[in-house]
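Scroll down for the structure; my scribbles are underneath it.
The values are calculated or read from the model by the stated rules, or taken from the named source; none is laboratory data. Everything numeric in this text was worked out from a predicted model, so none of it was measured. We place every Cβ from the backbone using ideal geometry, glycine too, and count neighbours over all the protein chains shown.
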Amino acid sequence: MGLSPGTRTPTDERGSQSPQSVTRVIRILEALCTSPGPMSLADLARTLSAPKSSLAALLRGLAEEGFVMAADGAWQLGPGAFGLSSALLEARRRLQSSDLVREGMRRLAERCGETVLFGVGDEDGETLTYVDVIESQKTVRFIVPVGDRRPLYSTAGGRALLAAGSEADLRRYLERVKPEAFTTETLTGKRALVEAIATARAAGVAQTIDQASEGVTGTAAAIRDAAGTVLGALIVAAPSLRLQDRLHELERLVRDEAATISRSLGYRAPA
């Protein structure tokens, strides 16, 4: 049997805001999720061992927000519930991705002994933000705070992201960017940048030496999810003097770990 709209009483108002009511809202949604069909108020009351009057007030509130809807004198989930479900699944996916990326960062940090970062491209399409960092334990090391932003063209992470994108995206990026020199080694010529990004694309890894900061070498590779979407760049950054004899080793370590993380996220490279 369904509910007809009615005037909410002060008792209903107080009851709908109690901790017990929050629990009942969750249990209502759970019951409707597991039910093979719509449930009447009596069915819900019996299943949840709750008074019909309390459930009626909660169902009215849920219906107003679109989480439930009346169906032939009974109740079923509404579009709001399905929207929430999609949002929760997406949040779970992001959390799982974050955990797997962090695990890979730890492995890489142990293998190379240098600072490892994870950077993501910003909405402006011109910068990268470091969203996670595992600092090296060495006395002299690269240090950068989470949230720091850097231009794509001058960083290994940024070039890795550009190399992982399409030629059309790269062309549009180069049309609007105005490179400036941060060191005497920074590439600012667009032809030189095209060549550097092409090299990174062919190698599957980007490497910069003294480009964004004097005395810092960066090595980076893109990480992809199951759909092939680029999530960000796995990066190793360290003092250039210490890495003169390890450049090829770092390229291999970063490329291999980025591939391992991507596989753990469900990505399968085209044959």
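Which of the residues belonging to the stretch 157-200 are closer than 23 Å to Glu251 by Cα, in contact (Cβ under 8 Å) with a residue 40 or more places away in the chain and in a loop (DSSP other than H, G, I, E, B)?
Passing the criteria: only Gly165.
Does the stretch 89-112 include one or more residues that are modelled with pLDDT under 85 and farther than 30 Å from Leu234 by Cα?
no
Quick test for you: out of Ala237, Ala220, pick the one residue that is touching a residue at least 40 places away in the same chain (Cβ under 8 Å), out of contact with any Phe, Trp or Tyr (no Cβ under 6 Å at 6 or more places or on another chain) and under 14 Å from Gly157 (Cα atoms).
Ala220
Can you confirm whether Gly228 is within 22 Å of the chain's Cα centre (by Cα) and exposed (fewer than 14 other Cβ atoms within 10 Å of the Cβ)?
The answer is yes for Gly228.
Out of all the residues in the stretch 147-194, which are exposed (fewer than 15 other Cβ atoms within 10 Å of the Cβ) and closer than 17 Å to Leu231 by Cα?
If the condition is that a residue be exposed (fewer than 15 other Cβ atoms within 10 Å of the Cβ) and closer than 17 Å to Leu231 by Cα, then Gly147, Arg149, Ser166, Asp169 are the ones that fit.
Could you grab me the full set of residues in the stretch 102-126 that are surrounded by 16 or more Cβ atoms within 10 Å (Cβ to Cβ), among the acidic types (Asp, Glu) and over 24 Å from Leu243 (Cβ atoms)?
The answer is Glu126, and nothing else.
I'm trying to understand the selection: among the residues of the stretch 133-146, which are out of contact with any helix residue (DSSP H, G or I) (no Cβ under 6 Å at 6 or more places or on another chain) and crowded, with 16+ Cβ neighbours inside 10 Å? Talk me through it step by step, then tell me what you get.
Residues of the stretch 133-146 out of contact with any helix residue (DSSP H, G or I) (no Cβ under 6 Å at 6 or more places or on another chain): 133, 135-146.
Residues satisfying the conditions are Val133, Ser136, Phe142, Val144.
Please list, ordered by residue number, the strands (runs of 3 or more DSSP E) wholly in the stretch 204-271 having 2 or more residues that are closer than 12 Å to Ala164 by Cβ.
216-224, 230-239
Taking only the stretch 1-41 into account, find how many residues are in contact with a Ser or Thr (Cβ under 6 Å, 6 or more places away or on another chain) and modelled with pLDDT of 50 or more.
1
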